[in-house]
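Worksheet: one structure, shown below.
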Amino acid sequence: MQLYLKDGHEIRDVIFNEADVRRYNAFFHILEEDIVPPLYCAKLWPEFTLFEPFQQKEIILRETEVTQIQAIEVNVHYSAQMVVLERKKVRQFMKYVLKLEIYKNKYKCITIRQTFMEKI
């Protein structure tokens, strides 16, 4: 996975492994073997440098919003971009909103926006 980091945006080149996706799909009884399910993309989050600080914290996933425009296929090159959209204190919590977008040839395939909460 190649890494590009600039101004709070991080871009990585990704390929979804066919064998891994097939195992995931079989486990969840998903019939399409060569199509990457939207929530399988969550495996990408820990691979981003922008997400590293959250791996050491006790955060709660509060909300997930998925907008899929095109199917994501196995063994195809994609560009994945992560952005931290928001960091703000809400009462006794820190709220973090992150967005992951996956592109193929500059065309957006999927957007995953997640809201995490951390008790402070």
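Annotation: lysines with alpha-carbon distance below 28 angstrom to Lys89 (same-chain offsets under eight excluded): Lys6, Lys43, Lys57, Lys99, Lys119. Each residue, Ile15 and Asn105, gets one label point 7 Å from its Cα in the Cβ direction; the gap between the two is 1.8 nm. Averaged per residue, the chain has 64 square angstrom of accessible surface, using a 1.4 angstrom probe with ligands and nucleic acids left out. Angle of helix 18-27 to the longest C-alpha principal axis of the chain, folded into 0 to 90 degrees and rounded to 10: 80°. The accessible area of Arg113, taken with all protein chains in place and a 1.4 Å probe, comes to roughly 100 Å². Just the number, please: carbon plus sulfur as a percent of the accessible area of the chain, 1.4 Å probe, no ligands or DNA/RNA counted. For the chain, the apolar C and S fraction of the accessible surface comes to 50 percent.
Dividing the Cα radius of gyration of the chain by its Kirkwood radius returns 0.99 for Rg/Rh. Which residue, chosen from Gln70, Ile60, Leu85, occupies the Cα position most advanced towards the positive end of the dipole of the range 58-120, where the dipole is computed from +1 (Lys, Arg) and -1 (Asp, Glu) charges on Cβ about the Cα centre? Farthest along the dipole direction, towards plus: Leu85.
The relative contact order of the chain comes to 27 percent, based on Cα pairs under 8 Å that sit 6 or more residues apart. When the helices of the chain are scored as -39500 (n - 2.57) per DSSP H run of n ≥ 4 and the total is divided over every residue, the value at 222 nm lands at -3000 deg cm²/dmol.
The values are calculated or read from the model by the stated rules, or taken from the named source; none is laboratory data. This one's a predicted model, so the numbers in the text were calculated from it and none came from an experiment. All Cβ positions, even for glycine, are placed from backbone atoms using ideal geometry, and neighbour counts span all protein chains on display. These accessible areas exclude ligands, DNA and RNA; they are computed on the full protein's heavy atoms, side chains included. Shrake-Rupley method; radii C 1.70, N 1.55, O 1.52, S 1.80 Å.
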